[in-house]
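S.K.: Sharing a structure, written as C-alpha cells. Questions coming.
The values are calculated or read from the model by the stated rules, or taken from the named source; none is laboratory data. Only a predicted model underlies this, so the values are computations on that prediction, with no experimental measurement involved. Please note: Cβ atoms are built from the backbone with ideal geometry, for glycine as well, and neighbour counts cover all protein chains shown.
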Amino acid sequence: MARNFTYTALVLRARPSGESNREITFLTAEEGLIRATVFGGPKSKLRAHAALYHGGKLWIYRDPVKGFMKVTDFDVQEWRPGIRELYERTLAASAVADTVLAAQGGGGGWEDALALTESALDALDKADEAACRRAAIRFLWNWAEILGQRPGLDRCGVCACEPRGDGLLWYSLRDGTAVCPSCAALPAGYIPRDGTWETAGYLPVGPGVRRWLAAVRGRDPALTERFTLDKASEREAKALVTAILAGALGKRLSTWEF
C-alpha cells in the first residue's frame, strides 16, 4: 500500500498543533482539500515553507495505522510576499481562502478550483487598496461558477427578455435568478423602507455591474486591473456575489466584509 504521495498544492490555513507543530490545510489539484501536520519548531525550514498562500509541490506521508498525514517536503514555487505587506490585501486573501474552505474546495474540479484561487492571490500580491476589493469580488463571481451557482445576467431568468443597455435587472434572493423589472413586479421608483434591498427580496444589478462581471470572467489576474468599477457599481457587485454564495453555502462569511 502506497504511503507517500505528491501534490500540486496551495496553503489555505495554518494552525498550531500541540506545542511546536502546525496543522496545514492545502488545496490540491489532485484531491481538493487535505490536512496534514508539519512537525518542528519555529526555526524549522519546512514550517517556514508551509506558510499561508505559498504554492508549489507537496510531499505527504500517510500513516494508515494511526490515520494521520504529515508533510515531508514542500517545494515552494509561489511565495506571494506582497499579500502580507498591505492590510487590504490580507483581508481580501482571507475572504478568498475562507470561501474555498467553506465550499470544501469546490466539491470537484479541483484543478480548476486551484487555478482560480491562485489567480486571485496572484492579483492580490501586487494590488493597491482599491484593486484588492475588485480582485476579491471577481474571485467570488468566478467561484460561483465553480459551484454551478452563477446566474445569467444577459437576459431575464423568467421571460427571457434582454435588458436594455442602460436598464436594470433584479437578482431574486428567493429564486437565485436575475429578472427584468416587469417580472420582479416592483413599483416604479420603489425604495425599501429601511434602505436595504434584501428586505424586498431583490438586489439591483445595474448595467455597469453587468458589463464588469462579463469582462472579468476567467483566471487572468490582469483582468482585475484592466477593468474598473465606480463605487456604486462596486457596492452592487459585492452585494450580488456575496448573496449568491451565501445562498450556495447556507451562510455568510465574516471575511466577506473586506
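S.K.: Taking the criterion of being at pLDDT 95 or above, crowded, with 16+ Cβ neighbours inside 10 Å and over 18 Å from the mean Cα position of the chain (by Cα), would at least one residue in segment 89-100 satisfy it? So that I can check it myself, show each step before the final result.
M.R.: Our first condition is that a residue be at pLDDT 95 or above; within segment 89-100, this holds for 89-100.
Next cut, crowded, with 16+ Cβ neighbours inside 10 Å only: 89-100.
When the remaining residues are screened for being over 18 Å from the mean Cα position of the chain (by Cα), the result is none.
No, because not a single residue in segment 89-100 is at pLDDT 95 or above, crowded, with 16+ Cβ neighbours inside 10 Å and over 18 Å from the mean Cα position of the chain (by Cα).
S.K.: Hey, among G157, G152, which residue is part of a loop (DSSP other than H, G, I, E, B), without any contact (Cβ under 8 Å) to a residue 40 or more places away in the chain, touching a strand residue (DSSP E or B) at 6+ places or on another chain (Cβ under 6 Å) and not β-branched (V, I, T)? Break it down into steps so the answer makes sense when it comes.
M.R.: On the way: G152 fails: touching a strand residue (DSSP E or B) at 6+ places or on another chain (Cβ under 6 Å).
Of the residues listed, the single one that is part of a loop (DSSP other than H, G, I, E, B), without any contact (Cβ under 8 Å) to a residue 40 or more places away in the chain, touching a strand residue (DSSP E or B) at 6+ places or on another chain (Cβ under 6 Å) and not β-branched (V, I, T) is G157.
S.K.: Can you tell which of A123, A95, A131, A115 is in contact with a Phe, Trp or Tyr (Cβ under 6 Å, 6 or more places away or on another chain), outside any loop (DSSP other than H, G, I, E, B) and within 20 Å of L223 (Cβ to Cβ)?
M.R.: On the way: A123 fails: in contact with a Phe, Trp or Tyr (Cβ under 6 Å, 6 or more places away or on another chain); A131 fails: in contact with a Phe, Trp or Tyr (Cβ under 6 Å, 6 or more places away or on another chain); A115 fails: in contact with a Phe, Trp or Tyr (Cβ under 6 Å, 6 or more places away or on another chain).
Exactly one of A123, A95, A131, A115 is in contact with a Phe, Trp or Tyr (Cβ under 6 Å, 6 or more places away or on another chain), outside any loop (DSSP other than H, G, I, E, B) and within 20 Å of L223 (Cβ to Cβ), namely A95.
S.K.: Looking at R22, is it part of a strand (DSSP E or B) and either within 22 Å of L249 (Cβ to Cβ) or among the hydrophobic types (A, V, I, L, M, F, W, C) (or both)? Walk me through how you get there before you give the answer.
M.R.: Numbers: part of a strand (DSSP E or B): yes; either within 22 Å of L249 (Cβ to Cβ) or among the hydrophobic types (A, V, I, L, M, F, W, C) (or both): no.
No: the conditions fail for R22.
S.K.: Something else now. Determine whether G107 is of a type outside the set (F, W, Y), farther than 20 Å from L121 by Cβ and in the same structural domain as L140 (by TED's automatic domain parsing).
M.R.: Taking the combined requirement at face value, the residue satisfies it.
S.K.: If you scan segment 6-43, which residues turn out to be surrounded by fewer than 18 Cβ atoms within 10 Å (Cβ to Cβ) and at positive phi?
M.R.: Answer for segment 6-43, where residues must be surrounded by fewer than 18 Cβ atoms within 10 Å (Cβ to Cβ) and at positive phi: G18, G40.
S.K.: Looking at L147, L114, L86, can you tell me which residue is closer than 22 Å to A48 by Cα and within 13 Å of the chain's Cα centre (by Cα)?
M.R.: L114
S.K.: Does I83 count as buried (at least 19 other Cβ atoms within 10 Å of the Cβ), out of contact with any His (no Cβ under 9 Å at 6 or more places or on another chain) and not in a strand (DSSP E or B)? I'd like the intermediate steps shown before the answer.
M.R.: On the way: buried (at least 19 other Cβ atoms within 10 Å of the Cβ): yes; out of contact with any His (no Cβ under 9 Å at 6 or more places or on another chain): yes; not in a strand (DSSP E or B): yes.
For I83, the condition - buried (at least 19 other Cβ atoms within 10 Å of the Cβ), out of contact with any His (no Cβ under 9 Å at 6 or more places or on another chain) and not in a strand (DSSP E or B) - is met.
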